[in-house]
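Visitor: My structure is below; once you've seen it, I'll send some questions.
Only the coordinates and a few stated rules stand behind these numbers; no lab work does. Here the structure is a predicted model, which is why all the values come from computation and not from measurement. Here the Cβ positions follow ideal geometry from the backbone for every residue, glycine too, while neighbour counts run over all protein chains shown.
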Number of protein chains: 2
Amino acid sequence: MDDIDRRILRFLQKDGRITNIDLSRQIHLSPAATLERVKKLEQSGVIRGYMARLDPETVNLGLLVFIQVTLDRTSPDIFEAFSKALKTIPQVSECYMVAGGFDYLVKARVKDMTAYRNFLGKTLTRLPGVRQTHTYTVMEEVKADPELPI
Amino acid sequence: MDDIDRRILRFLQKDGRITNIDLSRQIHLSPAATLERVKKLEQSGVIRGYMARLDPETVNLGLLVFIQVTLDRTSPDIFEAFSKALKTIPQVSECYMVAGGFDYLVKARVKDMTAYRNFLGKTLTRLPGVRQTHTYTVMEEVKADPELPI
DNA sequence: GGAGACGACGAATTAAATTCGGTTTATCGA
DNA sequence: TCGATAAACCGAATTTAATTCGTCGTCTCC
């Protein structure tokens, strides 16, 4: 992984559908050599994949919330049960086990507050082991940039 | 926006570099008609763009942290000043103003705990208006799926 | 029932991805 | 320092995909 690779990654993060020819021009390499590097980055796992980024508003997911979740510590496999159940919930975009005060931090997207009340009561608090939740409603997205700083 | 569009969005979220021909086969439409729909989704802003998803570990960003930030409420434009300063920090991938207990929730990626200590002391706590921070270190990624549930 | 608009289709054209043989460049040991 | 080896790069040829365009069918609204 050298500077040219990092430059490739920067461009591919900014525009995942840049043509190989345009990319090769940007990094001052032939199309063949550029393609070879990109394939290697894909096969080595540095590039996990490509995706379209959608506007949440236009697909009826205008409300973003973070939920702190604390579990009952009654059983050692309660974490396992909670994790497994959570993975299948479509509204949950991210979930992390964290150190420092509570157990899990959950990021979820729903249509509106009504949908969230429903989600919280009918789905989240009914997951195995959930003792307590605390909701943080996002009022403003100050920054939401999925690109990694290479 | 009909079912065909939603189907297109699902495939493009899963693989942003799927060829138009393959996509057209998946949705049972001609390549020309498929391309026309994708272009419309792009121009209308439903599709914001395309990106390569990278593996944070392999690019030396193995530590993920969330930081709760509380600001001094001394001046009305302190929020503005904080927001503006924060946007330019590369380690910060996301930042939200939230309701419920504190002011901002910041998501940041760094190499390791040493880098984080440095980031916290030298950068984050020196931003305008920062009164208090609380760090949550991510121990495990239970789910991290950037696809929206269409 | 008819006019207009929209969406879809298929063929033709343009452009890009991919392959391959040969050449240069970098690395490493003698 | 020199030579051997491997890795990376290049340009041309080929395969494949994107894009354009003329036409047809279908839906909507008079």
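Visitor: Compute the convex hull volume of the Cα atoms of chain A, divide it by the residue count, and report the result per residue in Å³ as a whole number.
Guide: Given the Cα convex hull of chain A, per-residue volume reads 155 Å³.
Visitor: I need the calculated FRET efficiency for the pair B:ALA99 and B:ARG6, taking r as the beta carbon distance and R₀ as 35 Å, to the nearest 0.05.
Guide: Details: r = 31 Å, r/R0 = 0.88.
It comes out at approximately 0.70.
Visitor: While we're on this one: Would you kindly work out, in nm and rounded to one decimal, the distances from the label point of B:ARG6 to those of the same position in each other copy, ordered shortest first, with label points 7 Å along Cα-to-Cβ?
Guide: 4.4
Visitor: Rounded, prolate or oblate: pick one for the range B:87-150, where a ≥ b ≥ c are the square roots of the eigenvalues of its C-alpha gyration tensor, a/c under 1.5 means rounded, and failing that, prolate if a/b is larger than b/c, else oblate. Kindly include the intermediate steps, with their values, before the conclusion.
Guide: On the way: a/c = 1.85, a/b = 1.30, b/c = 1.42.
Cα axes put the range B:87-150 in the oblate bin.
Visitor: Turning to a different aspect of this structure: Could you tell me which residue in chain A puts its beta carbon nearest the axis mapping A onto B, with the distance rounded to whole Å?
Guide: A:GLY16, 2
Visitor: With springs connecting C-alpha atoms under 10 Å apart, model chain A as a Gaussian network and identify which of A:PRO56, A:PRO90, A:PRO128 has the largest mean-square fluctuation.
Guide: Its mean-square fluctuation being the largest, the pick is A:PRO90.
Visitor: Whose amide H sits under 5 Å from the amide H of A:ARG131, counting only residues 5 or more places off or on another chain, with H placed in the peptide plane?
Guide: Under 5 Å from the amide H of A:ARG131: A:THR70, A:LEU71, A:ASP72.
Visitor: Hey, how many Å between the Cα centroid of the range A:78-150 and the Cα centroid of the range A:1-71?
Guide: Rounded to whole Å, the Cα centres lie 25 Å apart.
Visitor: Rounded to the nearest 10 degrees, what's the angle between the helix A:78-87 long axis and the longest principal axis of chain A, both from Cα atoms, 0 to 90?
Guide: Between the helix axis and the principal axis of chain A, the angle is about 60 degrees.
Visitor: Under a GNM of chain A (C-alpha, springs under 10 Å), which listed residue has the highest mean-square fluctuation: A:ALA115, A:ALA33, A:ALA81?
Guide: So, out of A:ALA115, A:ALA33, A:ALA81, the one fluctuating most is A:ALA33.
Visitor: If you don't mind, there's one more thing I want to ask. Please work out whether the range B:3-43 counts as rounded, prolate or oblate from its C-alpha gyration tensor, where a ≥ b ≥ c are the square roots of the eigenvalues and a/c under 1.5 means rounded, while otherwise a/b larger than b/c means prolate and anything else oblate?
Guide: Numbers: a/c = 1.25, a/b = 1.04, b/c = 1.20.
The shape class here is rounded.
Visitor: Nearest 10 degrees is fine. How inclined is helix A:3-14 to the longest principal axis of chain A, computing both from alpha carbons?
Guide: Approximately 60 degrees, to the nearest 10.
Visitor: So which lysines pass the test for B:LYS143, namely a Cα distance under 26 Å, with those fewer than 8 places away in the same chain ruled out?
Guide: Cα-Cα hits under 26 Å: A:LYS14, A:LYS84, A:LYS87, A:LYS107, A:LYS111, A:LYS122, A:LYS143, B:LYS14, B:LYS87, B:LYS107, B:LYS111.
Visitor: Still on this structure, I have one more. Tell me what chain B gives for mean residue ellipticity at 222 nm when only DSSP H runs of n ≥ 4 count, each as -39,500 (n - 2.57), the sum divided by the residue total, rounded to 500 deg cm²/dmol. Numbers along the way, then the final one.
Guide: Values: 5 runs with 53 residues, N = 150.
Helices in chain B give a 222 nm mean residue ellipticity of -10500 deg cm²/dmol.
Visitor: Relative to the first principal axis of the alpha-carbon coordinates of chain A, what is the inclination of helix A:113-122, with its axis defined by its Cα atoms, in degrees from 0 to 90 and to the nearest 10?
Guide: 60 degrees
Visitor: A follow-up question, please. Have a look at A:LEU61, A:LEU124, A:LEU41 and tell me which one the Gaussian network model of chain A (Cα, springs below 10 Å) gives the largest fluctuation.
Guide: Greatest mean-square fluctuation among the candidates belongs to A:LEU41.
Visitor: Under 5 Å between amide hydrogens, which residues at least 5 positions from B:VAL142 or on another chain qualify, with H placed 1.01 Å from N in the peptide plane?
Guide: A:CYS95, A:TYR96, A:MET97
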